[in-house]
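Structure, as structure tokens:
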Amino acid sequence: MNKNDKWEQYRLAANTVRFLAADGVQKANSGHPGLPMGMADCATVLWTKFLKFNPQKPGWLNRDRFVLSAGHGSMLLYSLLYLSGYNVTLDDLKSFRQWGSRTPGHPELGCLPGVETTTGPLGQGFANGIGMAIAEKMMAQRFNSPDFSLLNHNIFAIVSDGDLMEGVSFEAASLAGHLKLGNVVYLYDNNNITIEGNTSLAFSENVAQRFDALGWHTIAINGHNYDEIEGAIQAGIDETEKPTLILAKTHIAFGSPNLQDSEKAHGSPLGEDELKAAKRNLGFPENEKFYVPKEAADLFRKRVSELVEIQKNWQEKFFRWQDNNPDQAQLLDKMISKSVPDDLAEQLIAAIPERDLATRASSGKILQKAAELVPGLIGGSADLSPSTKTWIDDAGAIEAYHFSGRNFHFGIREHGMGGILNGIAEYGGWIPFGSTFLVFSDYMRPPIRIAALSELQTIYVFTHDSIFVGEDGPTHQPVEHLAALRAIPNLVVFRPADSLEVAMGWNFALKHRTGPTALILTRQTLPNLKRTNDFQPEDVLRGGYILSPESEEKLDGIIVATGSEVHIAVEAQKILQEKGKPMRVVSIPSLEIFAQQSAAYRDKVLPANVPVFAVEVAVSFGWHGVAPNSKVKVIGIDRFGASAPYKILAEKFGFTGEKVAEKILSWM
């Protein structure tokens, strides 16, 4: 090694990262070698000089967070984790993209220690990082003391042209600049290449000026010049009042003689001959695969040994902080564990107002009690809290320099809100919720899907849940949205019929740790339902239960319904029973939870060979399988709504007790 070149060991380490990634893609014969090869220099400097972590304690509270928003370059992250001593093996790198491996094509939360978020759908990681930065600011404001900064770390990310083209990144970047998140340092892989060719085909804006206008600190560098990389990252860390975007001008597939700066290196292996030529070009052993020179390994080991000591020193101070601040320490433990009171359901039920309310209104009342009982519960809306009733009273708002509040003004940014919620949930300690009208859940479907895939405890409060929105008309009246949300695996959709079911819905969401929950709430007032003497509130948590049993042993049919249609089903039941047709009414606030119950329970609620009539002011799709051993007819609305007062709509579309009873009689 040339001792006069202070960066020579770093260059060797970067080439090691570069070719571990390229070898992994080549062995899989699938993947994206271009980004890892282009960003290896920036990533190596970041990981060996700045990033704060401890591979022996991957969950260390005060670690920096690293987000590979450009998740198609996943082999870059996997190679860095391996070299940094995480529980990642060379065999993991060699089994990239294979069945049962720990190294999927795009990073997934939980696949490897050190992977902080699931990325790949472009722009999502960008927004996740902003959520993490907000979560850090909030946690620091609550727990840092004059003698000990419990939390003082940064959020780093590598983002791509594709991330910046997706609209979600703009939404998140706008809010980050507004909140002056100086704990954000993003490296933009400015290589001018996408799958179709040069970015000039569709992308000609001045990115620096855009981010300057959003309130960011921008720095342009040569992404292969180590002095510039080091200086820019340090400047980003030093800038504490603005998020930083480092525009690193790089070459995709750096070092490849024939594919550097070519779109052909974006999503396909280099090929054996070209990979050898690239290694030869950069002075790397061309016939060695997954080769790690001792000098490169030493650089990473040296950095890790420094970081282990840094973490140990922090841990000692943390123990003293716990001793000196027992109440704060207890609160922190409660938040990290996301603990809730044993009698949570009882207390939420006790908070229910006695009068009839829209379920959005009763949810707003119950939310106040939930926030009192669960200190990590935070959230906001996409500029709709007066309508969605999601403001936590006397808790203040999150603002620039002031992060002690519990309410967010997300602005009219549903997509960004969803991505930020995921980042907050991934950070830990918080149970975030976000709210908007159900019809606008379409705007945040990508992050909802990622939350479900990542098993994140996020809560969505979707109000104005049907055509009964009324006069705003079909643009604001959701009809297909319940079915669309129910189609997402691991998302629990909970549509309560009255205030008691709302309380149990919140109880479920606050305890459900392995995925998101969507609470679907009405604009219009609903009556509080009468239940049988043997009813237990826990019955609601079965997803479906007998609300109003038949009056005779003979059972001609079962009416199942959700939300605002349950009381309509009860009215129809009375009419049908007067006509000698005994009916049972079953409330099914959650099809997903009901489907998880034992066959014996489901058969008890919906006995075999008894006709089932499902009533929901939404498309009928998804209902026909609710009772596999019976014939199912659906009273739904397989068209868009109309603009009129909601009671007129109920009459015109056949959602009154009398109309439902008539329809069922015609079928019988």
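The values are calculated or read from the model by the stated rules, or taken from the named source; none is laboratory data. On a predicted model such as this, the values are computed, not experimentally measured, just so you know. With ideal geometry, Cβ positions are generated from the backbone for all residues, glycine too; neighbour counts draw on all protein chains shown. These accessible areas exclude ligands, DNA and RNA; they are computed on the full protein's heavy atoms, side chains included. Shrake-Rupley method; radii C 1.70, N 1.55, O 1.52, S 1.80 Å.
Numerical summary
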quantity: Residues located in the range 657-668, provided they are assigned to a helix (DSSP H, G or I) and open to solvent by 30 Å² or more (accessible area, probe 1.4 Å); calculated: Glu658, Lys659, Glu662, Lys663, Leu665, Ser666, Trp667
quantity: Hey, Phe170 out of contact with any Phe, Trp or Tyr (no Cβ under 7 Å at 6 or more places or on another chain), among the aromatic types (Phe, Trp, Tyr) and surrounded by fewer than 17 Cβ atoms within 10 Å (Cβ to Cβ) or not; calculated: no
quantity: Only listed residue being in contact with a strand residue (DSSP E or B) (Cβ under 8 Å, 6 or more places away or on another chain) and either surrounded by fewer than 24 Cβ atoms within 10 Å (Cβ to Cβ) or within 20 Å of Ser339 (Cα to Cα) (or both), chosen from Gly429, Gly411, Gly418, Gly396; calculated: Gly396
quantity: Criterion (surrounded by fewer than 24 Cβ atoms within 10 Å (Cβ to Cβ) and either in contact (Cβ under 8 Å) with a residue 60 or more places away in the chain or within 22 Å of Asn191 (Cβ to Cβ) (or both)) met by exactly one of Asn15, Asn87, Asn29; calculated: Asn29
quantity: Test: residue in the range 449-468 that is open to solvent by 20 Å² or more (accessible area, probe 1.4 Å), modelled with pLDDT of 95 or more, farther than 20 Å from Ala172 by Cβ and not in a loop (DSSP other than H, G, I, E, B); calculated: no
quantity: Any hit, the range 101-111, residues being more than 20 Å from Leu20 (Cα to Cα), out of contact with any strand residue (DSSP E or B) (no Cβ under 7 Å at 6 or more places or on another chain), open to solvent by less than 20 Å² (accessible area, probe 1.4 Å) and among the polar types (S, T, N, Q); calculated: no
quantity: Check on Thr244, polar (S, T, N, Q) and either open to solvent by 40 Å² or more (accessible area, probe 1.4 Å) or touching a Pro at 6+ places or on another chain (Cβ under 9 Å) (or both); calculated: no
quantity: Helices (runs of 4 or more DSSP H) fully within the range 291-401 counting 2 or more residues that are closer than 30 Å to Asp41 by Cα; calculated: 294-324
quantity: Qualifying helices (runs of 4 or more DSSP H) (wholly inside the range 136-252; at least 3 residues being among the small types (Gly, Ala, Ser) and over 29 Å from the mean Cα position of the chain (by Cα)); calculated: 226-238
quantity: Residue match in the range 143-158 (condition: more than 20 Å from Trp430 (Cβ to Cβ), crowded, with 20+ Cβ neighbours inside 10 Å, modelled with pLDDT of 95 or more and in contact with an Asp or Glu (Cβ under 8 Å, 6 or more places away or on another chain)); calculated: yes
quantity: Answer from Gly255, Gly271, Gly283 - the residue that is modelled with pLDDT of 95 or more, open to solvent by less than 10 Å² (accessible area, probe 1.4 Å), out of contact with any Gly (no Cβ under 7 Å at 6 or more places or on another chain) and more than 30 Å from Pro58 (Cα to Cα); calculated: Gly255
quantity: Test result for Asn15, more than 23 Å from the chain's Cα centre (by Cα) and on the phi > 0 side of the Ramachandran plot; calculated: no
quantity: Qualifying residue in the range 78-92 (condition: more than 19 Å from the chain's Cα centre (by Cα) and of a type in the set (Asp, Glu)); calculated: yes
quantity: Flag if Ser441 is touching a residue at least 60 places away in the same chain (Cβ under 8 Å), hydroxyl-bearing (Ser, Thr, Tyr), open to solvent by 10 Å² or more (accessible area, probe 1.4 Å) and out of contact with any Cys (no Cβ under 9 Å at 6 or more places or on another chain); calculated: no
quantity: Residue that is farthest from Gly429 (Cα to Cα), among those in the range 472-487 that are open to solvent by 10 Å² or more (accessible area, probe 1.4 Å) and outside any loop (DSSP other than H, G, I, E, B); calculated: Pro474
quantity: Residue in the range 277-286 that is over 33 Å from the mean Cα position of the chain (by Cα), assigned to a helix (DSSP H, G or I), touching a residue at least 40 places away in the same chain (Cβ under 8 Å) and under 30 Å from Lys27 (Cα atoms) present; calculated: yes
quantity: Of residues in the range 352-364 being in contact with a Ser or Thr (Cβ under 8 Å, 6 or more places away or on another chain) and charged (D, E, K, R), the one farthest from Met504 (Cα to Cα); calculated: Asp356
quantity: The lone exception for Ser564 - which of (1) in contact with a Lys or Arg (Cβ under 9 Å, 6 or more places away or on another chain); (2) without any contact (Cβ under 8 Å) to a residue 60 or more places away in the chain it fails; calculated: (2)
quantity: Selected residue [surrounded by 23 or more Cβ atoms within 10 Å (Cβ to Cβ), more than 29 Å from Tyr401 (Cα to Cα) and modelled with pLDDT of 95 or more] from Asn191, Asn225; calculated: Asn191
quantity: Leu46, sole failed condition from (1) hydrophobic (A, V, I, L, M, F, W, C); (2) open to solvent by 20 Å² or more (accessible area, probe 1.4 Å); (3) in a helix (DSSP H, G or I); calculated: (2)
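Table: residues versus (1) out of contact with any helix residue (DSSP H, G or I) (no Cβ under 8 Å at 6 or more places or on another chain); (2) within 25 Å of Ala176 (Cβ to Cβ).
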{"residue": "Asp327", "(1), (2)": "yes, no"}
{"residue": "Pro341", "(1), (2)": "no, no"}
{"residue": "Pro353", "(1), (2)": "no, no"}
{"residue": "Ala382", "(1), (2)": "no, yes"}
{"residue": "Ser385", "(1), (2)": "yes, yes"}
